[in-house]
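Quick notes on the structure that follows.
The values are calculated or read from the model by the stated rules, or taken from the named source; none is laboratory data. These numbers come from a predicted model, not from an experiment. Don't worry about glycine lacking a Cβ; one is built from the backbone with ideal geometry, like all the others, and counts go over all protein chains shown. Keep in mind that these areas ignore ligands, DNA and RNA; they rest on the heavy atoms of the full protein, side chains included. Shrake-Rupley method; radii C 1.70, N 1.55, O 1.52, S 1.80 Å.
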Amino acid sequence: MEKFLQLTLTGLTNGAIFSLVALGFVLIYKASDVINFAQGDFLLVGAYITFAFVGQMGLPWTVGVFLTMVLAVLLGLLVERFVLRPLIGEPIISVIMVTIGLSSMLRAFVSSIWGTTGQPFPPFIPNFNVNIGTAVIPADRIIAIILAAILLIIFTLFFRYSREGIAMRATADDQQAALSMGISVKKIFALAWSIAAVTAALAGVLVANIIGVSGVVAGIGLRVFPVVILGGLDSIPGAILGGIVIGLLEAYTGGYLGSGLSQVVPFIVLILILMVKPYGLFGEVRIERV
Amino acid sequence: MLALNNVEVIYNDVILVLKGMSLEVPKGKIVALLGSNGAGKSTTLKAISGLLKPEDGEVTDGEIIFEGEKIHHLDAADIVRRGIFQVMEGRRVFEHLDVEQNLIAGSYTRKDRRNIRQDMEQVYTYFPRLRERRRQTAGYLSGGEQQMLAIGRALMARPKLMMLDEPSLGLAPLLVQEIFEIIQRINKEQGTTILLVEQNARLALEVADYAYIMENGRIVLEGEPATLKENADVREFYLGLNEVGKRKSYRDVKHYKRRKRWLS
């Protein structure tokens with residue numbers, strides 16, 4: 001029972017981080033219909049930039065994280081301006097291929113500056129543990145949960161009620177029609193990519209805080225695929241729920257069946273979901289009128 | 001209000017679609033643009049509203065003037081802000097948004113956000129059926145309701161010039177009648193100038209104050225609807241009537257014995 005409780009808590013906190021990364025995916029997909037294969041590398045860049053500010057330059061972590069967020073916005077804007085804007089109106093598949101290229105570029109950029117060997121992350125989240133019954137959760141994981149919860153609420157409200165949020169969904173639905181409403185597709189894309197880059201950078205910092213900075217951080221991007229497929233590529237509640245389900249699943253299989261299997265199970269779920277419910281649990285179904 | 005002078009549009013750098021297209025839309029009127037498939041009607045509208053760029057089209061010659069200013073080099077968003085709104089062919093509602101969110105998307109360029117609620121009410125008085133469906137996902141509306149939503153969405157932008165691209169497409173005759181009545185009401189009550197592209201020549205000639213007929217990327221004929229209706233070519237090729245005024249019969253095998261006079 002004690003083991004179960006501990007695994008559940010670990011799963012939930014891992015899930016919160018997954019959800020955070022998945023949010024970035026969903027945001028970009030919702031606005032532009034693009035699956036961003038470079039999402040994991042945004043995490044990597046975010047983690048390394050914070051590492052540079054806090055670990056190498058010795059800035060206080062508040063300043064470091066803040067500067068990282070600013071740079072993440074800048075990265076999002078740059079990507080939109082130089083990678084995506086020339087591709088407006090081109091087939092989605094070309095844009096998706098470009099994000100794969102972007103992923104390699106970012107990874108190369110990081111390893112050319114900081115090298116390829118992993119390094120410990122400067123611990124900046126106050127190091128205390130919270131005991132729930134007999135189980136123990138470290139503070140950084142609690143922060144991950146809180147952050148994910150806050151972002152979930154903000155994004156849900158944003159997409160349902162704000163003009164920019166509605167414009168973003170409209171753009172995802174039909175770019176040309178959105179253009180005919182006077183919605184600036186460029187502005188919408190820039191907004192989506194900056195927000196996604198910021199959430200990714202934050203998630204990157206949280207991940208690096210747990211496992212240290214190294215190329216492995218980018219791997220989270222891949223591990224989040226089952227999450228977004230399960231929840232639905234365009235659903236924010238789906239991203240959160242998917243993150244938690246996959247997090248728990250990984251923790252339970254890791255705890256009871258062996259850690260090797262825990263990496264595989266999410267992908268088995270992915271395949272099953274694609275067979276049974278291809279739009280995911282909460283995804284928008286393609287509307288066909290007869 | 002709006003004038004096109006010798007506009008030339010080229011797609012993909014090679015395909016010449018508009019070949020010296022000129023037309024004029026006076027303020028407060030309904031102007032119809034007729035023509036068969038591929039004549040360049042939709043291209044004309046897209047050239048005006050700045051929507052050519054995503055399709056690799058470009059205005060390469062001539063000028064488009066709106067209220068005294070050249071607009072053919074502006075962004076689509078700027079053009080909407082100046083008061084031109086295109087209701088695209090095939091309705092193009094945002095399927096996953098509900099009716100109200102679609103209307104909000106239409107009001108995107110508005111600065112006076114306080115009046116948006118009020119304008120929404122106005123759209124609902126024009127189209128009471130949209131009020132009933134206001135929380136429904138737009139993709140599940142019927143074709144007629146979607147067309148109403150597309151026009152309502154345009155109203156939300158309070159345009160000076162509304163361009164409608166085949167509002168009758170794929171709708172039952174009764175609905176078409178209803179929608180055309182509302183278009184006329186909008187023109188009268190809001191003072192909105194309307195440029196109407198249609199395949200349904202009979203209907204368009206009924207509501208329009210002036211009409212242009214387009215073929216092969218240029219205007220071949222223009223005039224008051226009453227005059228056009230008397231034109232022998234228009235009667236035969238657009239209204240499907242023969243010289244005596246009877247419906248043309250398919251027994252007339254030699255369908256094309258009459259040559260269009262404007263094709264030199």
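Which residues does the label zone of B:Glu69 cover in the range B:141-182, counting backbone N under 15 Å from a point 7 Å along Cα→Cβ?
So the set is B:160-161.
Am I reading the A/B interface right? What is its buried accessible area, both sides, 1.4 Å probe, to the nearest 100 Å²?
2800
Calculate the spin-label point distance for A:Ser94 paired with B:Thr60, positioning each point 7 Å from the Cα along the beta-carbon direction, and give it in nanometres.
2.0
Rounded to the nearest 0.05, what FRET efficiency do A:Glu2 and B:Arg117 have when you use their Cβ-Cβ distance and R0 = 41 Å?
0.10
Want the number for A:Met275 to A:Ile287: 0.36 nm per residue separation, take away the alpha-carbon distance, what's left?
That works out to 2.4 nm of additional length.
Compute, for chain B, the length of the dipole vector about the Cα centre, with Cβ point charges of +1 (Lys, Arg) and -1 (Asp, Glu) only. Units Debye, rounded to 20.
It comes to approximately 620 debye.
Before anything else, pin down the relative contact order of chain A: Cα pairs under 8 Å, at least 6 apart, normalised by residue count, whole percent.
Relative contact order, chain A: 37 percent.
Can you tell me which of A:Ile240, A:Ile113, A:Ile28 moves the most in a GNM of chain A? Springs connect C-alpha atoms under 10 Å apart.
Maximum among the listed residues: A:Ile113.
Through the Karplus equation 6.51 cos²θ - 1.76 cosθ + 1.60, θ set to phi - 60°, convert the phi angles of the range A:5-18 into ³J(HN,Hα) values in whole Hz; use x for Gly and Pro.
4, 4, 4, 4, 5, 4, x, 4, 6, 4, x, 4, 5, 4
Can you tell me the FRET efficiency between A:Thr116 and A:Ala149 if r is taken as the Cβ-Cβ distance and R0 is 30 Å, rounded to the nearest 0.05?
The computed FRET efficiency comes out at 0.30.
If packing is taken as the mean number of other Cβ atoms within 10 Å per residue, what is the order of A:194-206, B:161-173, B:2-14, highest first?
Values: A:194-206: 27.8, B:161-173: 20.2, B:2-14: 16.3.
The most tightly packed comes first, giving A:194-206, B:161-173, B:2-14.
Would you work out which of B:Asn5, A:Ile229, A:Thr10 lies farthest towards the positive end of the dipole of the protein assembly as shown, given +1 charges on the beta-carbon of Lys and Arg and -1 on that of Asp and Glu, about the Cα centre?
B:Asn5
How much accessible area per residue does chain A have, counting only protein heavy atoms and a probe of 1.4 Å, in square angstrom?
Here the per-residue accessible area is 43 Å².
Using the basic label-point model (7 angstrom from Cα toward the beta carbon), what is the A:Gln56 to A:Arg85 distance in nanometres?
Each label point is offset 7 Å from its Cα along the Cβ direction, giving 2.9 nm.
Grab the beta carbon distance between B:Asn216 and B:Lys188, set R0 = 56 Å, and tell me the FRET efficiency rounded to 0.05.
Given R0 = 56 Å and the Cβ-Cβ separation, E is 0.95.
Sum -39500 (n - 2.57) across every DSSP H segment of at least 4 residues in chain A, then divide by the residue count to get the 222 nm mean residue ellipticity, nearest 500.
-24000 deg cm²/dmol
Using a simple charge model, +1 on the beta-carbon of Lys and Arg, -1 on the beta-carbon of Asp and Glu, nothing else, what dipole does the range A:2-221 show about its Cα centre, in debye to the nearest 20?
200
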